[in-house]
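Notes for the one structure printed next.
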Amino acid sequence: MILSIESSCDDSSIAITEIATKKLIYHKKISQELEHSVYGGVVPELASRLHAEALPRILAECEPWFNQLKAVAVTNEPGLGVTLIEGVTMAKALSISLGIPILPINHLKGHIYSLFIEKEAILPITVLLVSGGHTQLIEVKSYHEMETVATTMDDSYGESFDKVAKMMHLGYPGGPLIEQLSREGDATQFAFTVPLWQSPLIAFSYSGLKNQVRLAVEANESSAYPDIASAFQKTATEHLIQKLKKYFKSHPPKRFAIVGGASANLYLRERVMELLAPHKAELFLSELTYCSDNAAMIGRAALEAYAENAFASCSDITINPRCKL
Ligand code: KG4
Ligand code: ZN
C-alpha cells in the first residue's frame, strides 16, 4: 500500500491506496475553509499551523496499515511553500521511521489522475485544469509526457470566483458561493466583456474581468449581486469556451476532461458538454468529492510513480512552490 499526503494549500488530507488493485483503502480530508473565510482567502502562515495540527491527527488513524506500506507519497510542488513543507516533513519522518522510500508528486498531475481513482488511466486525453492556482489546457500522453498548451496570463478561473465573492463579502471559497448566487440572478442585466475575445492567442486572463466586476459591485446595491454574479460566471466561463473552441479547430478532441476544484462548477460542465457534442468527444470528470484538493488523487498519481520507481530519499526531495508540470 501507499500512504499519500496532500498539504499544498488549505486542505490537510491523507489517503492509503492498495498498489495491486488501485483500491482506495482510507481517505480523510480536513478543510480549513472556515478558518480562512473571515480573511476572504488563504492566509499561508495560518494554513501551515493548521496543517501541523490536522495532519498528525489524521495520520494516527492510519497506524493499523503502517506495516503494509511500501512507500509514502507527498505533494512537493506546486503550492504554498510554508504548507508544502508540512506534508513533506511528515513524509520524511515516515520514510525514516518505517524504512520506506518517498514518492514526490506534482499536485497538477494529482488533479489529472483524480479522473482515474480506483480505475485504469485512459490516455491520451486533453485536460482543462481549473483550480484556485491554475488555469491550464494540457495534452496528457502519459504520466511523464504532459504538455501545457495554454495557460493564464494572470489570475486563474477559480481565483476569480474567490475574488468576486470577497468583493461581495460572501466568504471563502468563492466558487460554490458565486455558483449558488448566480442561480438567483439574471446574467443579461450586466454586460461584461469576454477576456481576449479579439485576440488570436490561446491563453487565459481574468484580471480585466475582475476589474469590470469590481466597478459593477461598487456602483450597485447588494440587491444587484445575484445578477452581477450570474453575468460574471457566464463571462468567465464563456472565455474558457471561446478559447477551447479555437483550440479544437486545429486539435479536434477525442477525449476531454475538466479537473481541479473549479471543475465542480455545473454551469461550466454544461457549457463544455455542449461544446463537445459536435465533436462526439467523450467527457471525463472527477467525482465531485475528488475535484478539490485531496490525498486520494495524490495516491492515484503515486501508483504511476511507484510503477516507474520514481523514488526520492529524505535528502534529495525538494519543495518547488512555483513549479508547473
Ligand atoms: O483544486 P483546488 O481545491 O485548489 C487548488 O489547487 O487551487 O481548487 C480550489 C478553487 C477555489 O478557487 C474555489 O473557489 C474553486 O476551486 N471552486 C469553484 C467551485 N468550487 C470550487 N470555482 C467555481 N465554481 C465552483 N463550483
Ligand atoms: Zn489543487
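The values are calculated or read from the model by the stated rules, or taken from the named source; none is laboratory data. Not measured: the values here are computed from a predicted model. Ideal geometry is used to build each Cβ from the backbone, glycine not excepted, and the neighbour counts take in all protein chains shown.
Side notes on the structure shown:
- Within region 15-38, if we keep just the residues that are within 16 Å of ligand 2 (Cβ to nearest atom) and aliphatic (A, V, I, L, M), the residue that is farthest from Pro173 (Cα to Cα) turns out to be Ala15.
- Matching residues in region 286-318 - criterion: being away from ligand 2 (no atom under 16 Å from the Cβ), without any contact (Cβ under 8 Å) to a residue 40 or more places away in the chain and among the hydrophobic types (A, V, I, L, M, F, W, C): Ala307
- Test set (1) in contact with an Asp or Glu (Cβ under 6 Å, 6 or more places away or on another chain); (2) in the same structural domain as Ala71 (by TED's automatic domain parsing); (3) not basic (Lys, Arg) - Leu303 fails condition number: (1)
- Residues that are within 23 Å of Ser114 (Cβ to Cβ), free of Cβ contacts under 8 Å to residues at least 60 places away in the same chain and more than 16 Å from ligand 2 (Cβ to nearest atom) are absent from region 259-267.
- The one condition in (1) surrounded by fewer than 18 Cβ atoms within 10 Å (Cβ to Cβ); (2) closer than 25 Å to Ile298 by Cα; (3) aliphatic (A, V, I, L, M) that Ile105 fails to fulfil: (1)
- Selection over region 136-170 of residues that are among the basic types (Lys, Arg) and free of Cβ contacts under 8 Å to residues at least 40 places away in the same chain gives a count of 1.
- Taken as a whole, the structure leaves Ala281 outside the set of residues that are assigned by TED's automatic domain parsing to the domain that holds Gln136, of a type in the set (Gly, Ala, Ser) and within 16 Å of ligand 1 (Cβ to nearest atom).
- Scanning region 73-85 for residues that are touching a Leu at 6+ places or on another chain (Cβ under 9 Å) and either modelled with pLDDT under 95 or surrounded by fewer than 24 Cβ atoms within 10 Å (Cβ to Cβ) (or both) gives Glu77, Pro78.
- Of residues in region 19-41 being among the small types (Gly, Ala, Ser) and outside any strand (DSSP E or B), the one farthest from Leu59 (Cα to Cα): Gly40
- Residue among Ile317, Ile298, Ile241 that is of a type in the set (Val, Ile, Thr) and under 24 Å from Pro200 (Cα atoms): Ile241
- Just so you know, in region 1-34 the residues that are out of contact with any strand residue (DSSP E or B) (no Cβ under 9 Å at 6 or more places or on another chain) and away from ligand 1 (no atom under 15 Å from the Cβ) include one that is nearest to Leu108 (Cα to Cα), and it is Lys22.
- Qualifying helices (runs of 4 or more DSSP H) (wholly inside region 42-135; at least 2 residues being touching a Cys at 6+ places or on another chain (Cβ under 6 Å) and touching a residue at least 60 places away in the same chain (Cβ under 8 Å)): 81-98
- The set of residues from region 250-272 being within 20 Å of the chain's Cα centre (by Cα) and farther than 23 Å from Lys109 by Cβ comprises Leu266, Tyr267, Glu270, Arg271.
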